[in-house]
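Below is one structure, written out as structure tokens; the observations come after it.
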Amino acid sequence: MNNELPKRVRFVKLNAKALRALADGDLAGGSAEAGISLDEYFVSDRARWIFAYRADQLTKDPSAAPWTTRAAVSEPDGTVIGDAGFHGPPDEAGVVEIGYSVVSSYRRQGYARAMLTELLARATADPAVRTVRATIRSDNAPSLATIAGFDFTQVAERRDENDGINLVFELPANPSQTNPHTAPTTPLSR
């Protein structure tokens, strides 16, 4: 049994300049712009692709900034342990999609759960958000295990040319809201 205290994280904004620097492989520039020391994980192929996409997103729509990718920092030690955020602001239906990734040397230590907890707190605090969505590859057992403890419901399955089968999960941002993908319940008559 793991007797460690639950992990805590805080998010550090990665503005368009930081994202562009990281997308271009400029670790020093991205770190300077973010105001924290990022590591090689932030200029990996995966990260560079995502950060380029998010930098373009912010160039087109600066109002998306509060919702995009941020560096995740462990508290209280200040270690950068990954990145997390939303794919963008809430859509017309009030849906936001989460994304998170943990640096490989910090995986299986509770950081993904801590990031997800903070993302859900952010989503719940905004009245425009009705539903939080997570799309996870069907073979990503650690990520599936992470969301399992948060009452997400699988609502779809999608085939992707690159990723194979992706499972789509949703969670009402306010537990008293009805999930639009489930049939409404009717009280039983006496």
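What pairs can you find where one residue is in the range 159-184 and loosely packed, with under 11 Cβ neighbours inside 10 Å, the other is modelled with pLDDT of 50 or more and not aromatic (F, W, Y), and their Cβ atoms are less than 6 Å apart, with a gap of 6+ or different chains?
From residues that are loosely packed, with under 11 Cβ neighbours inside 10 Å, the pairs are R159/I165; D160/N166.
Identify the residue in the range 27-51 that is farther than 19 Å from V103 by Cβ and not aliphatic (A, V, I, L, M) and, among all such residues, is most open to solvent (accessible area, probe 1.4 Å).
E33
Among the residues of the range 114-152, how many are within 23 Å of G94 (Cα to Cα) and either touching a residue at least 60 places away in the same chain (Cβ under 8 Å) or in contact with an Asp or Glu (Cβ under 6 Å, 6 or more places away or on another chain) (or both)?
Within the range 114-152, residues that are within 23 Å of G94 (Cα to Cα) and either touching a residue at least 60 places away in the same chain (Cβ under 8 Å) or in contact with an Asp or Glu (Cβ under 6 Å, 6 or more places away or on another chain) (or both) number 4.
Answer yes if at least one residue in the range 89-109 is surrounded by 15 or more Cβ atoms within 10 Å (Cβ to Cβ), closer than 24 Å to A141 by Cα, modelled with pLDDT of 95 or more and in contact with a His (Cβ under 7 Å, 6 or more places away or on another chain), and no otherwise.
Yes, that holds for at least one residue.
Exactly one condition in (1) part of a loop (DSSP other than H, G, I, E, B); (2) open to solvent by less than 10 Å² (accessible area, probe 1.4 Å) is not met by A134; state its number.
Failed condition: (1).
Kindly evaluate S189 against the criterion of being open to solvent by 70 Å² or more (accessible area, probe 1.4 Å) and modelled with pLDDT under 90.
Answer is yes for this residue.
From the list R54, R70, R20, pick out the single residue that is of a type outside the set (S, T, N, Q) and either surrounded by fewer than 17 Cβ atoms within 10 Å (Cβ to Cβ) or more than 23 Å from V132 (Cα to Cα) (or both).
So the residue among R54, R70, R20 that is of a type outside the set (S, T, N, Q) and either surrounded by fewer than 17 Cβ atoms within 10 Å (Cβ to Cβ) or more than 23 Å from V132 (Cα to Cα) (or both) is R20.
The values are calculated or read from the model by the stated rules, or taken from the named source; none is laboratory data. These numbers come from a predicted model, not from an experiment. Glycine also receives a Cβ, built like all others from the backbone with ideal geometry; neighbour counts cover every protein chain displayed. Only protein heavy atoms, including side chains, enter the accessible area calculation; ligands, DNA and RNA are left aside. Shrake-Rupley method; radii C 1.70, N 1.55, O 1.52, S 1.80 Å.
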